[in-house]
There are 4 protein chains.
Amino acid sequence: MQSDTKPRWERRKDARPQELLAAALDLFVDRGYAATRLEDVARRAGVSKGTLYLYFENKEELFKAVVRDNIVAVIGRAEIDVAAADSTSCNELLRAMLRRWWADVASTRASGLAKLMVAEAGNFPEIARFYNEEVISRGHALIGSIVRRGVERGEFMPVDPEMMTRVLTAPVTMLMLWAHSFDPCCGPVDAEAFLDTWLGLVERGMARPV
Amino acid sequence: MQSDTKPRWERRKDARPQELLAAALDLFVDRGYAATRLEDVARRAGVSKGTLYLYFENKEELFKAVVRDNIVAVIGRAEIDVAAADSTSCNELLRAMLRRWWADVASTRASGLAKLMVAEAGNFPEIARFYNEEVISRGHALIGSIVRRGVERGEFMPVDPEMMTRVLTAPVTMLMLWAHSFDPCCGPVDAEAFLDTWLGLVERGMARPV
Amino acid sequence: MQSDTKPRWERRKDARPQELLAAALDLFVDRGYAATRLEDVARRAGVSKGTLYLYFENKEELFKAVVRDNIVAVIGRAEIDVAAADSTSCNELLRAMLRRWWADVASTRASGLAKLMVAEAGNFPEIARFYNEEVISRGHALIGSIVRRGVERGEFMPVDPEMMTRVLTAPVTMLMLWAHSFDPCCGPVDAEAFLDTWLGLVERGMARPV
Amino acid sequence: MQSDTKPRWERRKDARPQELLAAALDLFVDRGYAATRLEDVARRAGVSKGTLYLYFENKEELFKAVVRDNIVAVIGRAEIDVAAADSTSCNELLRAMLRRWWADVASTRASGLAKLMVAEAGNFPEIARFYNEEVISRGHALIGSIVRRGVERGEFMPVDPEMMTRVLTAPVTMLMLWAHSFDPCCGPVDAEAFLDTWLGLVERGMARPV
DNA sequence: AATGAATGAGAGTTCATTCAT
DNA sequence: CATGAATGAACTCTCATTCAT
């Protein structure tokens with residue numbers, strides 16, 4: 001369909017943003033915000049420095065776009081599923097959501113964004129607020145609704161749903177953070193075993209019944 | 001408390017490295033490694049940019065010194081206490097250690113080190129390994145010994161001590177990280193309520209006994 | 001007025017260079033050569049950036065074309081009129097020419113060219129020389145011929161016609177320059193009042209006492 | 001007093017701003033704002049690019065500083081002299097001021113700023129306003145006060161002082177503009193002859209017949 | 001003829017590091 | 001010891017110009 005002699009623009013405008021976002025995600029995640037050079041992002045996406053600026057206004061906007069691009073769809077789908085799962089036991093639903101979070105986000109490259117946000121929240125309060133509203137709050141609301149339902153139905157102990165939600169999400173978040181901080185240099189955590197242990201604890205606690 | 005034989009400026013001189021390390025810790029924690037300007041560190045310590053180089057070879061060495069300097073002896077004391085607390089119930093001991101960690105480290109300025117390490121471990125593998133050995137591993141060993149003892153004595157459910165240790169420490173670690181990332185711009189977490197909820201869950205889980 | 005044999009887009013095509021020149025004049029006048037972006041010129045002319053290069057080799061050539069294109073035939077007509085006005089009093093003729101200059105050029109958009117040339121003459125000596133020959137010199141010759149005639153006929157004081165010509169044109173030129181520099185941000189000058197004051201001074205200062 | 005082996009900083013901090021301002025004036029004047037590279041300014045001042053930023057926040061601030069540095073003192077002194085010259089004839093005073101303006105500003109390198117302001121007023125409305133207030137308005141007020149006094153005393157024809165002031169300053173301003181636009185490529189104007197012609201015209205045109 | 005995606009040299013700006021004083 | 005002026009490499013961002021479509 002096309003001669004291969006001078007493929008100056010092999011790819012299409014439509015694909016560029018995604019290619020750039022993918023490249024940016026990779027580099028931001030493993031070098032951090034400041035250490036990521038836009039020229040490297042461009043090169044990894046197979047374009048030149050200037051091209052990047054056709055699609056993103058500046059480095060900060062690129063960063064925001066990466067954050068947006070890697071979190072919205074996942075949360076959106078999860079919200080729908082939870083709303084539809086009224087008949088499932090809350091315990092089952094909670095376990096399913098936490099495992100799904102792991103499978104869909106935490107075990108993927110996108111988990112690096114969590115570390116990135118922890119690292120850069122101080123430098124980008126605006127993005128931190130954005131991430132808090134679009135990711136953390138929505139995630140908490142999702143888990144929180146399950147906890148609340150479970151408490152109301154008498155499936156769960158009578159706990160403070162807000163706090164319990166933070167507690168419930170913390171270990172999975174830590175799994176994400178380890179993956180992009182200590183794991184690479186101090187050996188990886190066995191995530192499956194960790195999750196099993198964690199979900200077991202959630203279900204029944206540490207104390208041995210007498 | 002301090003000998004008065006030395007003239008004032010010499011006493012100042014001895015304090016310089018500590019003042020610089022303190023200033024550097026604050027800024028590294030707030031802004032991350034790359035975004036921290038040495039000029040700001042110097043100014044905060046009340047000296048000039050050039051003076052900093054009399055005490056630290058370069059930015060990287062300063063960073064390493066900050067990490068090394070802030071690995072305090074808290075763990076050492078805790079290790080002794082745990083070894084001595086043979087008669088205490090493991091449940092009590094575990095709760096005590098987690099609360100103590102919170103009180104002595106996580107709620108203090110030193111907690112910033114945790115965020116710093118999570119943020120920069122990828123860029124400083126060597127120092128991450130060092131931190132892992134001196135802090136994380138020792139902390140895990142400490143908590144792990146309690147868990148193992150509890151399991152052996154039949155106080156705790158038969159869990160994998162290694163994994164359970166990671167699980168047990170994760171929420172408190174998250175509390176430290178939040179304090180230096182999202183808290184400043186998205187409102188603080190109520191740490192006391194969080195800890196209570198967390199320790200409650202650890203003891204008995206979510207499921208309501210029938 | 002225009003043949004309808006050509007289809008619409010071809011008529012458009014013929015108009016393109018003029019549309020581009022008009023857009024370029026506006027922007028060059030407002031922002032100067034360097035600060036004018038070719039993309040803005042193209043957009044203002046309703047075409048794409050690439051199209052501009054079909055008509056002009058590069059930015060410099062566009063600039064030169066703008067200057068050349070805007071050197072209108074006004075002077076030519078004025079030259080004829082002056083030659084024909086042998087019987088008019090030189091004072092009347094001089095006043096008429098200065099007012100006409102104002103009415104036909106200085107008060108119109110074309111006056112921007114003067115500002116542009118003052119601003120960019122240093123960077124484009126070649127085009128400055130061209131402008132000098134085609135506009136300034138001819139304009140000076142025109143006014144100069146009236147002055148010389150007036151002096152010869154004893155209507156005017158015995159002045160140096162060359163110098164007096166420069167003097168006579170300066171205030172009207174300034175009016176043109178103000179219109180495209182300070183007027184937009186510091187409020188416009190009342191041109192009519194200015195001209196009246198100016199011509200009054202000229203009349204009293206030029207006329208030979210009887 | 002000082003060995004000449006390693007004269008890394010030959011000049012003092014105190015002298016730097018002036019050296020940089022002088023270099024910047026030269027380059028801004030003959031290349032225009034945009035075409036002046038800060039590296040060239042620095043090199044001409046004998047320092048490196050970075051040093052420039054120790055003294056001026058950015059290019060725009062440097063530009064403003066150049067404008068400020070080259071106009072204030074002159075106008076200030078003239079204001080004092082005019083206020084003190086109450087007994088001089090207004091005609092004499094006016095001629096003296098115009099000649100002095102020529103001698104102190106218009107014939108010097110600083111006159112390039114007038115051209116620069118005309119060229120860049122559109123791009124820097126803020127500086128244009130500043131220049132208008134600090135230079136043009138003050139200059140006009142100065143000349144205007146002489147005109148008004150002359151009219152009141154019956155030395156001058158009954159003219160509108162505001163307008164006449166603009167008229168009176170226009171030719172000298174044009175002299176400044178020519179010097180930095182057409183003169184270099186089309187041959188210089190004989191400023192002395194021009195001024196004589198101009199002042200002659202002014203004298204005859206302003207003086208009230210007895 | 002027209003488009004607009006792509007390029008890459010070039011300019012402004014920052015900051016770790018040096019060193020004469 | 002302490003200073004802070006000076007440096008220059010490195011990075012972000014711009015825009016004239018090209019060229020496949």
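The values are calculated or read from the model by the stated rules, or taken from the named source; none is laboratory data. Keep in mind that this is a model prediction, so the values were computed, not measured. Because the Cβ atoms are built from the backbone with ideal geometry, glycine has one as well, and the counts that use them run over all protein chains shown. The protein model used for the area step is the full one, side chains on, heavy atoms only, and it has no ligands, DNA or RNA in it. Shrake-Rupley method; radii C 1.70, N 1.55, O 1.52, S 1.80 Å.
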- Normalized C-alpha radius of gyration of region A:119-210, against 2.2 N^0.38 Å? 1.31
- Item | Where labels lie 7 Å past Cα in the beta-carbon direction, separation of B:SER87 and A:PHE130 in nm | 6.0
- Averaged over D:120-130, number of beta-carbon atoms from partner chains that fall within 10 Å: 5
- Query: What are the label-to-label distances in nm, one decimal and shortest first, from D:ARG43 to the same spot in the other copies, with labels 7 Å along Cα to Cβ?
  - Reply: 2.7, 3.2, 3.4
- What are the ³J(HN,Hα) values, in whole Hz, obtained from phi via the Karplus relation 6.51 cos²θ - 1.76 cosθ + 1.60 with θ = phi - 60°, for each residue of region C:141-153 in sequence order, with x given for Gly and Pro? 4, 5, 5, x, 5, 5, 4, 4, 4, x, 5, 4, 7
- Coil-residue trypsin sites (Lys or Arg not before Pro) of region B:68-163, DSSP, other Cβ within 10 Å capped at 13: B:ARG153
- Task: Would you kindly derive the ³J(HN,Hα) couplings of region A:75-81 from the backbone phi angles with the Karplus curve 6.51 cos²θ - 1.76 cosθ + 1.60 (θ = phi - 60°), listing them in order in whole Hz, with x for Gly and Pro?
- Result: 5, x, 5, 4, 4, 4, 4
- Query: With a sphere of radius 14 Å drawn around the Cβ of A:TYR33, what net charge do the other residues whose Cβ falls strictly inside it have (Lys, Arg +1; Asp, Glu -1)?
  - Reply: -2
- Query: In whole Å, what is the distance between the alpha-carbon centres of region D:107-184 and region C:150-191?
  - Reply: 13
- Going by alpha carbons, how many degrees (0 to 90, nearest 10) lie between the helix axis of C:8-31 and the longest principal axis of chain C? 60
- Message: Quick check: the angle from helix C:59-70's long axis to the longest principal axis of chain C, C-alpha only, nearest 10 degrees?
- Response: 50
- Query: Which percent of the accessible heavy-atom area of region A:59-206 goes to carbon and sulfur, probe 1.4 angstrom?
  - Reply: 52
- Across the Cα atoms of region D:59-206, what radius of gyration and what greatest pairwise Cα-Cα distance (Dmax) are found, in Å? 15.8, 50
- Net charge near C:ASP69, counting Lys/Arg +1 and Asp/Glu -1 over other residues with Cβ under 14 Å of its Cβ? 0
- Under a point-charge model restricted to the Cβ atoms of Lys and Arg (+1) and Asp and Glu (-1), what is the dipole moment magnitude of chain B relative to its Cα centre, in debye to the nearest 20? 460
- Neighbouring partner chain Cβ atoms per residue of C:157-166, average, 10 Å criterion: 5
- Note on the structure: With every protein chain in place, the accessible area of D:THR108 for a 1.4 Å probe, in Å² rounded to the nearest 10, comes to 50
- Message: I want to verify a result. In a Gaussian network model of chain C, Cα cutoff 10 Å, which of these has the top mean-square fluctuation: C:PHE194, C:PHE28, C:PHE63?
- Response: C:PHE194
- Specify which residue in the list D:VAL72, D:VAL159, D:TRP198 is farthest towards the positive end of the charge dipole of chain D, using unit charges on the beta carbon of Lys, Arg (+1) and Asp, Glu (-1), about the Cα centre. D:VAL72
- Item | Residue-wise HN-Hα coupling along region D:179-191, computed from phi with Karplus coefficients 6.51, -1.76, 1.60 (Hz; x: Gly, Pro) | 4, 10, 10, 8, 3, x, 10, 10, x, x, 7, 6, 5
- Between D and C, accessible area buried - total, square angstrom, nearest 100, 1.4 angstrom probe: 3900
- Query: For chain B, what is the calculated [θ] at 222 nm in deg cm²/dmol (nearest 500), taking -39500 (n - 2.57) for each run of four or more DSSP H residues and dividing by its residue count?
  - Reply: -20500 deg cm²/dmol
- Message: Can you list the copy-to-copy distances for D:ARG99, using a point 7 angstrom from Cα toward Cβ, in nanometres, shortest first?
- Response: 3.6, 9.6, 10.1
- Above-threshold pairs, the threshold being 21 Å between Cα atoms, out of C:LYS115/D:LYS115; A:LYS59/C:LYS49; C:LYS64/C:LYS115; D:LYS59/D:LYS115: A:LYS59/C:LYS49
- Query: What percentages, rounded to whole numbers, describe P(r) for the protein assembly as shown computed over all alpha carbon pairs with 20 Å bin width beginning at zero?
  - Reply: 12, 29, 23, 21, 12, 3, 0
- Formal net charge of residues neighbouring A:GLY205 (Cβ-Cβ distance under 13 Å; K, R +1; D, E -1): +2
- For B:GLU57, place a label point 7 Å out from Cα along the Cα→Cβ vector, do the same in each other copy, and report the separations in nm, one decimal, smallest first. 3.9, 4.4, 5.9
- Item | Most mobile listed residue (A:SER137, A:SER107, A:SER87) in chain A, GNM with C-alpha springs under 10 Å | A:SER87
- Item | Accessible area in square angstrom per residue, the protein assembly as shown, 1.4 angstrom probe | 48
